[in-house]
1. Leaving out ligands, DNA and RNA but keeping every protein chain, what accessible area does S140 have, in Å² rounded to the nearest 10, with a 1.4 Å probe?
2. Excluding T286 itself, calculate the net charge of residues whose Cβ lies under 13 Å from the Cβ of T286, where each Lys or Arg counts +1 and each Asp or Glu counts -1.
3. Rank these residues by their accessible area, most exposed first, probe 1.4 Å: K209, K155, K113.
4. For region 211-284, which trypsin sites (Lys or Arg not before Pro) are in a loop by DSSP, counting at most 13 other Cβ atoms within 10 Å?
5. For helix 4-21, what angle does its Cα long axis make with the longest principal axis of the chain, in degrees from 0 to 90 and rounded to 10?
6. If each of F189 and T69 carries a label point 7 Å out from its Cα toward its Cβ, how far apart are those two points in nm?
7. Per the 1.4 Å probe, what fraction of the accessible area of the chain, in percent, lies on carbon and sulfur atoms?
8. Just to confirm the filter: which GluC sites (Glu not before Pro) across region 131-214 are DSSP coil and have at most 16 other Cβ within 10 angstrom of their Cβ?
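The values are calculated or read from the model by the stated rules, or taken from the named source; none is laboratory data. Predicted model only: the values in this text are computed from it and were never measured. Cβ atoms come from the backbone with ideal geometry, glycine included; neighbour counts cover every protein chain shown. Accessible surface areas use protein heavy atoms only, side chains included; no ligands, DNA or RNA. Shrake-Rupley method; radii C 1.70, N 1.55, O 1.52, S 1.80 Å.
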Amino acid sequence: MQTKQKWALTLMMALGAVSCGGSAQPGDPYRGTIDATGLDAKFQPHATCGSNKRDKCPFEAQKAYSGGTQFSYFFLGTIAKDNANLAKDALQRPAVPAKFVKITAYDFPDGCKTGKEYDVRTDAYREDTQYSVFDGLPSSTTSTSTLVVPLVKVKPWTGTAQQPCNAIKDLTSLTEGDFGGSAAEGESFAFRAIVDTTYAPYPAPAELKYGWYRGLQLAYFDSGAVTVDEAGNFQAMDAVWLKAAAADRTPVYNSKFVFQAKPGEANWSPVVRVYELVPPAGSNYTSLCYDPPCAADALDMTTVKTLNGVMFLASSPQ
């Protein structure tokens, strides 16, 4: 929950944004950007910059290998293997239950009525596409009985093609009938990690998109659709954290990883089971091997036994 002081700050920021970058188009009022100080730690920048070493750094793309090829991704935090909320899959490996997804994002597949061309220097948001509308934020919590995850339910809302692009900014006005249309049948799951727009990378990579929450603009890293297995857990892929020292406990920015798959491949998932290994001196692993004998640059997964936990990452086909 936000304090009264934070709400006051949010309102001040919103008024300033409206006066210097909002639009006069009809629809929900633009109220600025979300107050991201309450987001869960996984969705905050994990490094500091500046001479005082306290200012947050923008999110940075990380580099890793899969199948002998390097690719880029964005690191969105971890969950320790001993977290009591994690489930176990059939092989007793940690798994993330879909029941912990609490946020729904509404998409608009019918499109919208295009407005003026976007000018990054003067416009707070685009008027040539309709952003998704979210019904919540992944806020930090002190509860030990839940997980905060970068995954959402996605529901399509149809029948609003006649509305100006990004006139819809608040789920309440949408559900109360201000814009017409209705929620379509069905829903799916997607990886959408909501982050502080202040520290979003620029120029925006393909993974970064924008949305709305109660008239406030947000940014999110998008890794696309995710699937749920028959046990109700998100399907995951493997990764090995190549540790610099045995005493290291938790992966951070710029940790060295080798992943089972790259975006676009059959085994790809933004939900990742992380194993850990201090590699032998002189090794240079760039792929994972599940069927020995293995090439010199392929890590034999039959020899890797230590699980670290679950990691989340965002990436799109390179």
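1. Counting only protein heavy atoms, S140 exposes about 70 Å² to solvent.
2. Working: positive: K63, K256, K262; negative: D297.
Charge balance near T286 sits at +2.
3. Details: K209 85, K155 45, K113 130 Å².
Order by accessible area, largest first: K113, K209, K155.
4. Numbers: sites: R214, K243, R249, K256, R273; in loops: R214, K243, R249.
Here the trypsin sites (Lys or Arg not before Pro) that fit, given the DSSP loop and packing criteria, are R249.
5. Orientation of helix 4-21: about 70 degrees from the principal axis.
6. Each label point lies 7 Å from its Cα, and together they span 2.7 nm.
7. Numbers: 8180 of 15760 Å².
The value for the chain is 52 percent carbon and sulfur by accessible area.
8. Numbers: sites: E176, E185, E187, E207; in loops: E176, E185, E187, E207.
In loop regions of region 131-214 (DSSP not H, G, I, E or B), the sparsely surrounded GluC sites (Glu not before Pro) are E176, E185, E187.
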